[in-house]
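Contents: one structure, followed by commentary.
The values are calculated or read from the model by the stated rules, or taken from the named source; none is laboratory data. The model shown is predicted, which means the values in this text are computed figures rather than measured ones. For neighbour counting, all protein chains shown are included, and Cβ atoms are generated from backbone atoms with ideal geometry for every residue, glycine included. Remember, those area values only see protein heavy atoms, side chains included, never the ligands or the DNA or RNA. Shrake-Rupley method; radii C 1.70, N 1.55, O 1.52, S 1.80 Å.
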Amino acid sequence: MVDLRAKPYYLNDEDIAWVESTIASMTDEEKVGQLFWQLTASNTEEYLQELMEKYHLGGCRYNGMPGQKVLDQNRLLQKYAKVPVFIACNPEQGGNGVCSDGTLVSSQVKIGATRKTEYAQAMGRVSGAQIKATGCNMAFAPVADITYNWECEEVLARAYGNDHELVATMSKAYMDGIHETEGVYACAKHFPGNGQDYRDAHISNNVNHFTHDKWMETYGHVYKTLIDGGLDAIMGGHILMPEYMREINPDINADTIMPGTLCKEIMTDLLRGELGFNGMVVTDASHMVGMTNRMKRVDMLPAAINAGCDMFLFFNDPAEDFATMLNAYNTGIIGEERMVEALTRILGLKAAKGMHKIAKEELCGSDEALKEALGNPEFKAVAPAISKDALTLVKYKDEGVLPITPEKYKRIMLVNIKGAETPMSKLMVLAMGGAGAKKRPVDKLCDKLNAKGFEAFVYESPLDKMMKQVEAGGKFDMNLYFAGKNAISEFVSGQDLVISFFDVGGGHPTFGLSKGGGEIPWYVHELPVIGVSVNKPTMLADAPMLRTYINTYDANEDTLDALVDALLTGPEAFKGQDPIDAYCGMFDTHM
């Protein structure tokens, strides 16, 4: 059923004998345990020992923490594992997805803007080295989704762009970079492909609308490129394919159409059969509503394995989920043939990197090697280079605005435009010490412009002033809101140029909407205005009146430095190419 001599395993007779004999010697509990990944809730030795000795886990993932703590945790996991354990992380942007002190490289969309595959490979190289240095061995990356829908925020910054050839090329380059480090696996996600539905599978359904032929031309091309290149593993997504399923069965009932992780026609027939993938498959996280809303959990766990997923990502309750899967195996819901097939792929992949031949105490590296990997100056130099090459001048209708100089535009007003606050975002601010604990990106940009000889300042809206007045014990002045307008000549005389600074992480911006205030760039024909988005690259949808619009993709220090240099140099300094449709498919964004 599984060819262990073919890619991605390439096992010899001795290795295959280990896989087969290990499976034959396992208890039912040990077999079932290998099917599970768990997100660790603690790094105490007692807790980790129980995970490995009670649940016999096949894989673990963990929440972010410093590299030394990750390494210490992973040593314990391998110490108590009877079979070497997969330990994965999410290095979608580099080593910062491995540990909190890892090296941030770039978002995938930012690399897509550079069109340089060497950057994607460099990010894979950095990630792979820091994965191994922390004692991990698998990257839940690259993200192989395609951003066809600009409102699909789940993958907007995480995918390389909206062109399947670009995504295929960049994803392959990242995987090659991962594979430069011996002993590290790449697990691409989210098969059969996200990027069409604006909804997030964490909280709703997610749909891929392509027919078979269109899918093969696009997402299929991406995954075939990775598979042919030696991809180790694939993460299945909770993504529905209604058009594809109706082609297979025109009479199918909508209620019986399942997401990829629960659908044999997708996870086995399409992935294994048509694409010929021989590696290991793991589900996406099992708490996501795109999976949990389809059936009872007691049915969902074995259904994922029977659909063709070899491993199941995360317990809900460890004892309950383990008992559910064990019962499904003992009662024949998961047949012996399917169990052996899944275990063969899991253990085969572990043997492919020689994990079974390495002593437990040597599966994780040394403290010295970790320090070297985290402090590598070559790794730290990648991000600034990407920041410079990714800057994208999307729209430039007011030619002559750039370059900016103190002689042309001495007084620059920066308008900070944020997204809506959520309970989680407020909680994160409090966790980091309060709103004043960290300097805002707009304030950093203001300082950098002033250092170049400008007189830059951050706009304070009537609503901001009213908030301060109320917080200081004053009265709420409705007139300030309704009658706070100034003459146009007075407004224009206050500055020479405006930068609308979009610091929006998700959703749509909240402009404040004071009457006649400066939050919304209504004044694009009164003053030179430059729109800059430092996170979401789709702000033209909310501010289509902007005549000059730039995407930087993040607000890192090196990015803001590159932005200032480019603004002072001129249009030619913006080398990035729009990796998505930043005009968002709207006619008025071109006006």
>> Could you work out the relative contact order of region 234-284? I mean the mean sequence separation of Cα pairs under 8 Å and 6+ apart, divided by the number of residues, in percent.
In response: 51 percent
> Nearest-5 percent of antiparallel DSSP beta bridges in the chain?
Replying inline: 15 percent
> Is the shape of region 194-340 best called rounded, prolate or oblate, per the rule: a/c under 1.5 gives rounded, else a/b larger than b/c gives prolate, else oblate, with a ≥ b ≥ c the square roots of the Cα gyration tensor eigenvalues?
Replying inline: prolate
> How many angstrom lie between the C-alpha centres of region 175-252 and region 57-98?
Replying inline: 25 Å
> What does the highest-first list of 527-537, 334-344 look like by mean Cβ count within 10 Å?
Replying inline: 527-537, 334-344
>> Can you classify region 83-194 as rounded, prolate or oblate using the Cα gyration tensor, where a ≥ b ≥ c are the square roots of its eigenvalues, rounded means a/c under 1.5, and otherwise it's prolate if a/b beats b/c and oblate if not?
In response: prolate
>> Applying a 10 Å radius around every beta-carbon, put 397-406, 35-44 in order of their mean neighbour count, most first.
In response: 35-44, 397-406
>> Sort 538-544, 6-12 by packing, meaning the average of other beta carbons within 10 Å per residue, with the highest value first.
In response: 538-544, 6-12
> Does region 1-136 come out rounded, prolate or oblate by the C-alpha gyration tensor, with a ≥ b ≥ c the root eigenvalues, rounded set by a/c under 1.5 and, if not, prolate when a/b is larger than b/c and oblate if not?
Replying inline: oblate
> Gain in length, Thr268 to Glu407, computed as 0.36 nm per residue apart minus the alpha-carbon separation, to one decimal in nm?
Replying inline: 43.5 nm
>> Can you return the lysines within cross-link range of Lys465? Criterion is Cα-Cα under 19 Å, with same-chain partners fewer than 8 residues away left out.
In response: Lys418, Lys475, Lys485, Lys515
> Pick the calculated Rg/Rh (Cα atoms, Kirkwood Rh) for this structure from (i) 1.02; (ii) 0.99; (iii) 1.04?
Replying inline: (i)
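Ignoring ligands, DNA and RNA, what percent of the 1.4 Å accessible area of the chain is carbon and sulfur?
Carbon-and-sulfur percentage of accessible area, whole number: 52.
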>> Probe of 1.4 angstrom, ligands and nucleic acids ignored: what's the accessible area per residue over the chain, in square angstrom?
In response: 40 Å²
> Which residues' amide hydrogens lie under 5 Å from the amide hydrogen of Lys536, considering only partners 5 or more residues apart or on another chain, with H built in the peptide plane?
Replying inline: Val504
